[in-house]
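J.: Got a structure for you, questions after.
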Amino acid sequence: MALRLRPIRSNDKPALERFHRRLSDDTRYRRYHAAKGELTRSDLRYLTEVDGHHHIALVAEVLPPEPDGAGEPTAGRASAPQLSDLVGVVRSVEDPAHPGEAEIAIVVRDDVHGRGLGAELIEGVLARARCEGVHCAVAQVQADNHPALRLFRGLGFRRRSGHGPVVELARRLD
């Protein structure tokens, strides 16, 4: 599967809705720290209409397969719109109360867990956040979400606080 990481766009709302519907209840719970049904219009606006400075979001999308006969257009295919098939989303949101600090949130579609996409997405958003002046990234992870804890620790995040169901991990970016 060929993937591309790119900034989220406001016209990704339909793709984000499709992506969200494909997440298991457990994956949604792990992402939002609560049960989460369908995305509301307000959710979609917040999640896709980002400023790219204080709120950065990247998506991983599946690239459409090359048509047979490389370079030769297939009848009807060249003009048909391609629907984005998102497999992951990561965001960095700067905390206005703590300038230079941003919370990282990530979700990867269940059928692509364990393939290294999470690390690629996180490193991508951290590089952009660093360019925007973020010097510390923070992640809130449920204490029993061992795969996410391993992922963040493997990327240099260390426990900053956490007692009970949520652990806060942090990583300096400078």
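The values are calculated or read from the model by the stated rules, or taken from the named source; none is laboratory data. Since the model is a prediction, treat every value here as computed from it, not as a measurement. In this analysis, Cβ positions are derived from the backbone assuming ideal geometry, glycine residues included, and neighbour counts consider all displayed protein chains.
J.: Restricting attention to region 1-50, report how many residues are in a loop (DSSP other than H, G, I, E, B) and of a type in the set (D, E, K, R).
T.: 5
J.: Whether any residue in region 8-18 is more than 26 Å from ARG115 (Cβ to Cβ) and modelled with pLDDT under 95 is what I want to check.
T.: no
J.: Go through region 15-59 and give me each residue that's in contact with a Ser or Thr (Cβ under 8 Å, 6 or more places away or on another chain) and of a type outside the set (D, E, K, R). So that I can check it myself, show each step before the final result.
T.: The first filter runs over region 15-59 and keeps only residues in contact with a Ser or Thr (Cβ under 8 Å, 6 or more places away or on another chain), leaving 15-16, 48-49, 55-57, 59.
Selection gives ALA15, LEU16, THR48, HIS55, ILE56, ALA57, VAL59.
J.: Those residues that are under 19 Å from ILE104 (Cα atoms), surrounded by fewer than 12 Cβ atoms within 10 Å (Cβ to Cβ) and touching a strand residue (DSSP E or B) at 6+ places or on another chain (Cβ under 8 Å), I need them from region 1-60; list them, please.
T.: Of everything in region 1-60, just one residue is under 19 Å from ILE104 (Cα atoms), surrounded by fewer than 12 Cβ atoms within 10 Å (Cβ to Cβ) and touching a strand residue (DSSP E or B) at 6+ places or on another chain (Cβ under 8 Å), namely GLY52.
J.: Could you look through region 129-150, keep only residues that are over 16 Å from GLY162 (Cβ atoms) and crowded, with 18+ Cβ neighbours inside 10 Å, and pick out the one that is nearest to the chain's Cα centre (by Cα)?
T.: Only one residue fits best here, namely ALA129.
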